[in-house]
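Worksheet for the structure shown next.
The values are calculated or read from the model by the stated rules, or taken from the named source; none is laboratory data. A quick note: this is a predicted structure, and the numbers were derived from the prediction, not measured. We place every Cβ from the backbone using ideal geometry, glycine too, and count neighbours over all the protein chains shown.
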Amino acid sequence: MDTTNIGQILAMAFRYALRFLISIVVGAAAAITCSLLLPVFSPPQTDRMGYALVYNFDPNHFWWVFVIWSTILPAVALGTYVLIPRLARRVQFLSPLLPHENDAQILQIWRATSDQAHASTPPVFGILRSAIVALTLLVAFVVGHPVTSQHIWFILVAGSLIGSLAPWAIERIVVRLFGNHASARSIRSTLTIIATWLSLPALWYVSHKTAIFVASENTTRSLAWLPLFVVLIPTAALIVFDIRRFFQKQPVAIAALERARIIFLTVPVLLFLFTSHAPGDVNELDVFHHGESLTGAIRWQNGQLPWRDFFFNVGLLPAVIVPRISFELFGTSFWGLVAGTELIFIPLLIVSLYLCSAVLAKKNVAFLIFVALLFFFPQKFLWSFADVLRGDATLFIFRFIPLALLGIPILWFFTKRSWISALVLAASLITSTVLASEMIVYLIAVGLVAVAVDLYDWREGTKPWSLRSLTLRLASCGVLGVIAAGIVLNRAHVLSGFISWWQTFPAGWYLETAVPLNVDPDNYRTPTAILVVTPILVLLVGFFLIWRFRTRKTVSSQDWTVVALALGGALFFRKTTTRPDSHVYQSLIAMMPVLIYVVQRGGELLGELVQPFRSAGSRIRASAWVWLFIGPILLLPGAPLITAINQTVTSLPSRLHTRANAPATVPRLGYYADTAYVNKVAALRTFFKDNIGDKARVYDFSNSSSLYNFLLNQIPTTQFSYAVQSATAKSQAQVIDSMRQQRPEVVVYASAGGLNEWDQVENAVRHYDISEYILRNYSPWIEYLGETMLIRNDLAPGEGIALTAPARVTASEAQRMLRNSFDASTAESVVTCEWGHAGQFMPTRPDGAGTPITRTEVTGVLTLHGWTPSLGKNPTTIVVSQNGTVIYVGTTTEPRSDLGISSLVSGPKPGFQFEIPLTTQDATDSKIAIFAVQDNALLPLTRKFGKAPLLTSLTVNGVDMKVVSPAAGQVTGEFDPPKIIPSENGKVVIGLSGESKYLTLLNFPTNFRDYSWIVLHSQSGFSENKYLLYDVSLDAKRAIAFDTAQGRHVGGAQVASCPTWFGWETQTILLQSDAPLGDTSVALVQTGKNP
């Protein structure tokens, strides 16, 4: 091609590229505008408790933004691209973008150089194929029969050279002896194919040699994980198939068979060997997320059936099948689960992703080498994909094995278009959906693409309603598949449970789990780079389709397959848009085949661009040359490739021969390295056995399912395996009914390592009815090893539990625990029972008339600061009186190093500071007196700079108490002059922060704890307002919080679900708000659901 033609081609390319870029900018501007104009809605009326209800968060907003960008941008960009030539004829500065008359001729010149490779391929490629087979067998030998690390490279390199050159040498000898005829030229390929027969037996050999040395027992335990029959049957089938091909004596067919066998068998086996890993000591048990798998497997192992007897959140495959297989192969333990995932299922996911990519790009060998390297060393590439592949407990990535393989039957269907392929695809889609519910989006996507293919073919004369219609065939087979699946599930006695499970979880789970971007930035930030992968890929696939349609080029079966996978990934992305935390990696895995195909197509496009510069008659495609140069450039920035390869290769001998130093003290933990946790599990087992007996039941409200359901064998008695699953009124009613029948002796309400709250919603709010039932029927018992336990109200030592069992905590300590929502970590920690906006959206909220509550506006705040000796185990009780009436009872809580006296006299925490709301206008500081309670009497404290009124007695909490004079020389303590801060414009200053809030005093009835809800009504409609309910201490740790939204007329909270409700020491409660209450009325309502 001469220089003139190249200049013309580049000029034309520049014009069209600029036109395309302008179209993209206009489309993006339209998408941005629509996104900004998109209204933000409140969540729907639902009893599915979660972040969306509590924080008035629109769970669908981000999803609709994605839909806007995926549709508006390409639509507007296409329209702009079409309109630009018309505008260019009228607008002078756009005239350079007009098409030229000779564009078609220039394009024809560009296409004149074909990208078809030379008919023959260099011999070195055949030698490399033999080398791959030899390398696979040698890696199996090294992994199965460990050698010293310094010999590994020599064995692999020398052995691969010998194994690759030997078949070639034999072929050369035969050709010299018998001539260069067809059968002689295929000897090397034949020998290589015969060698591939050993691939699966090599995998069995590795399995047979897999072992762990248990140091505590001084024994080696075999971890054989692959049964021999699983290898023999497919190997025998391969041999029979290949022998038939050999007898056909077609060198081209044998060469093609060799390439296919290496791509689809040898390389996957090699990938599996490189990524499989046997764990040694394990640790970092996630008591909730790992418990999802451990609980499902142990319940199935105990004879319970999935769906019928127990539910799960993450799908049948990750929650039941994978852990159960792991248990059967490696023992019923947490170690067994980790061994199964790292030895088998994570490598299977990697192999599945590779296979799908290989099916779509099998003709581009150079690109497949790049893909294989990507999967051989995932720890170094794909951003933070290493963390995902190492088994992030929150992701259950092995659930995507069926999805990774789904591209194969989809491609077969779009290629063959037969009834058999439609039946196989329908079966695959239905099976994938049963194994993991999220896969239903791919069923929808494939169906839509089948319709699109029929409409695309219509222009060529194939009517969509004919018997050859893909839609008809897939729909018919799909209906048959659903019926067959229903029959199978019904025969297994799980069909009704399966339907109930779908209604309970997949149908509305997004409402319970929806959170905004960076919901918890201090602990985890949304990985934005991963988040945008799916939208970008969807747009690229969309633009690719538009380009093929406009240029009237054929859309291949591979293209339609990727369109289906991209559309399914786009629908799956809704899960990511509602929960954009670490779950964005699930979208990355789901879109991995699409990502790889898009990259491959991009390489092919680059190959077409550089094809005029390719040497005439070259045996290598231009696109192959592109990947030979671009592949290393893309790989090297991710990590030092040589270092990554060396680390992986030298670790091969130890990958499946490992050592456990930790003994399996707790069998269900296995070889667990964290001795402290092992001791905790053993101690808890002994504690429950000694105090409540082996047959007693423990209900875990802290979502520590690994600990209680699995390690302590407290199998749940309902379909709901952990509290997280019970987030609707119906599911909670089922749990409560079971608790009434089973009457568990102990409830673990909170756990130091449990999931006591998630997404900033406490369990008390998320599982409102269960929490209220527990708090009414159980009372604080003991905090043991970080586990906060409540005991049934009718039990006591010697009465239903062991005589030697610990007694309940004291009444004052029980109230403290309840007030603080069982948070005893630090005195500074703030725990509020945060109901937020949830009460406004719950259909279970009682809107009927309750018991009206009178309210009085607070006119000021009285601040008191002082000290009195506090020498015993319990703090000293302080009584504050105004005008001879007790207005506050509190305790000493603060250290006072400024007193200048020994702590032996004052005690460690003699100080106090109170903020007491006042409701009278005539309060003066001279009428304030403060007393310390000692020996059931009141000892007056000395006032600095003034005199306190003299009193003889006071009524404290309904008890008359005398005021006594201090003994000679007795240290009583003192207090600073009281400080009264009156309200300004209805607001009073709260706390040291100086914030001003509206305060209203509510006079509750003496039996206020019998009520479940506080309900607020406003005839004129609420303003956006934040409320805090607390007793007179103004302590945020004693608070129940809720909100109202602008314009709504009813709000409130199910206050009886909050431990704080049962911990207040007074019926005089304060309602703090950010805005005036106006015409708001307050009522307490009994529901009668939780006696």
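One line per residue, one yes/no per condition, for (1) part of a helix (DSSP H, G or I); (2) under 22 Å from residue 207 (Cβ atoms); (3) in contact with a Ser or Thr (Cβ under 9 Å, 6 or more places away or on another chain); (4) among the hydroxyl-bearing types (Ser, Thr, Tyr):
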{"position": "322", "(1), (2), (3), (4)": "yes, yes, yes, no"}
{"position": "327", "(1), (2), (3), (4)": "yes, yes, yes, no"}
{"position": "335", "(1), (2), (3), (4)": "yes, yes, no, no"}
{"position": "340", "(1), (2), (3), (4)": "yes, yes, yes, no"}
{"position": "343", "(1), (2), (3), (4)": "yes, yes, yes, no"}
{"position": "347", "(1), (2), (3), (4)": "yes, yes, yes, no"}
{"position": "369", "(1), (2), (3), (4)": "yes, no, no, no"}
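Just to be sure I understand the filter: pairs with C-beta atoms under 6 Å, separated by 6 or more residues or on different chains, first member in the range 999-1010 and touching a residue at least 24 places away in the same chain (Cβ under 8 Å), second member assigned to a loop (DSSP other than H, G, I, E, B) and surrounded by fewer than 18 Cβ atoms within 10 Å (Cβ to Cβ). Which pairs pass?
Between residues of the range 999-1010 that are touching a residue at least 24 places away in the same chain (Cβ under 8 Å) and residues that are assigned to a loop (DSSP other than H, G, I, E, B) and surrounded by fewer than 18 Cβ atoms within 10 Å (Cβ to Cβ), the close pairs are 1001/919; 1003/854; 1004/1067; 1006/1067; 1008/1067.
Return yes or no: is residue 341 surrounded by 23 or more Cβ atoms within 10 Å (Cβ to Cβ) and either touching a residue at least 24 places away in the same chain (Cβ under 8 Å) or within 22 Å of the chain's Cα centre (by Cα) (or both)?
For residue 341, the condition - surrounded by 23 or more Cβ atoms within 10 Å (Cβ to Cβ) and either touching a residue at least 24 places away in the same chain (Cβ under 8 Å) or within 22 Å of the chain's Cα centre (by Cα) (or both) - is met.
Any residue that is touching a residue at least 12 places away in the same chain (Cβ under 8 Å), surrounded by fewer than 13 Cβ atoms within 10 Å (Cβ to Cβ), assigned by TED's automatic domain parsing to the domain that holds residue 879 and in a strand (DSSP E or B) - is there at least one of those in the range 962-973?
Yes.
Can you tell which of 227, 201, 251, 234 is over 46 Å from the mean Cα position of the chain (by Cα) and of a type outside the set (Asp, Glu)?
So the residue among 227, 201, 251, 234 that is over 46 Å from the mean Cα position of the chain (by Cα) and of a type outside the set (Asp, Glu) is 251.
Do we find a residue being within 39 Å of the chain's Cα centre (by Cα), assigned to a loop (DSSP other than H, G, I, E, B), of a type in the set (A, V, I, L, M, F, W, C) and over 23 Å from residue 920 (Cβ atoms) anywhere in the range 1012-1029?
To start, the set of residues in the range 1012-1029 that are within 39 Å of the chain's Cα centre (by Cα) comprises 1012-1017, 1021-1029.
From the residues that got through so far, the ones that are assigned to a loop (DSSP other than H, G, I, E, B) too are 1012, 1021-1024.
Add one more test, that the residue is of a type in the set (A, V, I, L, M, F, W, C), and what stays is 1022.
Subsequent filtering for residues that are over 23 Å from residue 920 (Cβ atoms) retains 1022.
Yes: one or more hits.
Looking at residue 920 and the list (1) part of a strand (DSSP E or B); (2) at pLDDT below 85, which single condition is not satisfied?
Of the numbered conditions (1) part of a strand (DSSP E or B); (2) at pLDDT below 85, the odd one out for residue 920 is (1).
Inside the range 861-906, can you point out the residues that are small (Gly, Ala, Ser) and crowded, with 20+ Cβ neighbours inside 10 Å?
866, 870, 881, 890, 906
Can you tell me which condition residue 528 does not meet? The list is (1) over 30 Å from residue 316 (Cβ atoms); (2) in contact (Cβ under 8 Å) with a residue 24 or more places away in the chain; (3) hydroxyl-bearing (Ser, Thr, Tyr), and all the others hold.
The number of the failed condition is (2).
When the range 563-597 is examined, which residues are found to be part of a loop (DSSP other than H, G, I, E, B) and of a type in the set (Ser, Thr, Tyr)?
Result: 582, single match.
For every residue, the table says whether it meets (1) in a loop (DSSP other than H, G, I, E, B); (2) free of Cβ contacts under 8 Å to residues at least 60 places away in the same chain; (3) surrounded by 20 or more Cβ atoms within 10 Å (Cβ to Cβ); (4) out of contact with any strand residue (DSSP E or B) (no Cβ under 7 Å at 6 or more places or on another chain).
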position: 25; (1), (2), (3), (4): no, yes, no, yes
position: 31; (1), (2), (3), (4): no, yes, yes, yes
position: 34; (1), (2), (3), (4): no, yes, no, yes
position: 40; (1), (2), (3), (4): yes, yes, no, yes
position: 63; (1), (2), (3), (4): no, no, no, yes
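What's the total number of residues in the range 308-361 that are at positive phi and acidic (Asp, Glu)?
Total meeting the criteria: 0.
Regarding the range 245-254, can at least one residue be identified that is without any contact (Cβ under 8 Å) to a residue 12 or more places away in the chain and among the aromatic types (Phe, Trp, Tyr)?
Yes, the range 245-254 contains at least one residue that is without any contact (Cβ under 8 Å) to a residue 12 or more places away in the chain and among the aromatic types (Phe, Trp, Tyr).
Which count do you get for residues in the range 264-308 that are in a helix (DSSP H, G or I) and over 23 Å from residue 668 (Cα atoms)? Before the answer, list the steps.
Initially, the range 264-308 is screened for residues in a helix (DSSP H, G or I), giving 264-275, 289-301.
Narrowing further to those that are over 23 Å from residue 668 (Cα atoms): 264-275.
Matching residues across the range 264-308 total 12.
Would you list the strands (runs of 3 or more DSSP E) that sit entirely within the range 788-895 and hold 2 or more residues that are more than 19 Å from residue 973 (Cα to Cα) and touching an Asp or Glu at 6+ places or on another chain (Cβ under 8 Å)?
In the range 788-895, the matching strands (runs of 3 or more DSSP E) lie at 860-867.
Quick one: would you say residue 426 is modelled with pLDDT of 95 or more, of a type outside the set (S, T, N, Q) and either crowded, with 24+ Cβ neighbours inside 10 Å or under 20 Å from residue 315 (Cα atoms) (or both)?
Taking the combined requirement at face value, the residue satisfies it.
For the range 127-219, which fully contained helices (runs of 4 or more DSSP H) count at least 3 residues that are at pLDDT 85 or above? Walk me through how you get there before you give the answer.
Numbers: elements: 152-178, 182-185, 187-196, 199-209.
Helices (runs of 4 or more DSSP H) meeting the threshold: 152-178, 187-196, 199-209.
Please indicate, with yes or no, whether at least one residue in the range 9-16 is assigned to a helix (DSSP H, G or I), of a type in the set (D, E, K, R) and farther than 25 Å from residue 532 by Cα.
There is at least one residue in the range 9-16 that is assigned to a helix (DSSP H, G or I), of a type in the set (D, E, K, R) and farther than 25 Å from residue 532 by Cα.
Please state which one of 269, 231, 206 is without any contact (Cβ under 8 Å) to a residue 60 or more places away in the chain, out of contact with any strand residue (DSSP E or B) (no Cβ under 9 Å at 6 or more places or on another chain), closer than 30 Å to residue 319 by Cβ and buried (at least 16 other Cβ atoms within 10 Å of the Cβ). Can you show your working first?
Numbers: 269 fails: without any contact (Cβ under 8 Å) to a residue 60 or more places away in the chain; 206 fails: without any contact (Cβ under 8 Å) to a residue 60 or more places away in the chain.
From the options 269, 231, 206, the qualifying one is 231.
So which residues in the range 79-95 are within 12 Å of residue 22 (Cα to Cα), buried (at least 17 other Cβ atoms within 10 Å of the Cβ) and not aromatic (Phe, Trp, Tyr)?
Listed by number, the residues that qualify are 80, 84.
Inside the range 737-759, can you point out the residues that are farther than 20 Å from residue 788 by Cβ and either of a type outside the set (Lys, Arg) or in contact with a helix residue (DSSP H, G or I) (Cβ under 6 Å, 6 or more places away or on another chain) (or both)?
737, 738, 741, 742, 759
I'm checking my understanding of the structure. Among residues of the range 844-854 that are at pLDDT below 90 and not acidic (Asp, Glu), which one is nearest to residue 905 (Cα to Cα)?
Top of the filtered list is 850.
Failed condition for residue 1086, given (1) touching a Lys or Arg at 6+ places or on another chain (Cβ under 7 Å); (2) of a type in the set (S, T, N, Q); (3) under 30 Å from residue 778 (Cβ atoms), with all others met?
Against the list (1) touching a Lys or Arg at 6+ places or on another chain (Cβ under 7 Å); (2) of a type in the set (S, T, N, Q); (3) under 30 Å from residue 778 (Cβ atoms), residue 1086 comes up short only on (1).
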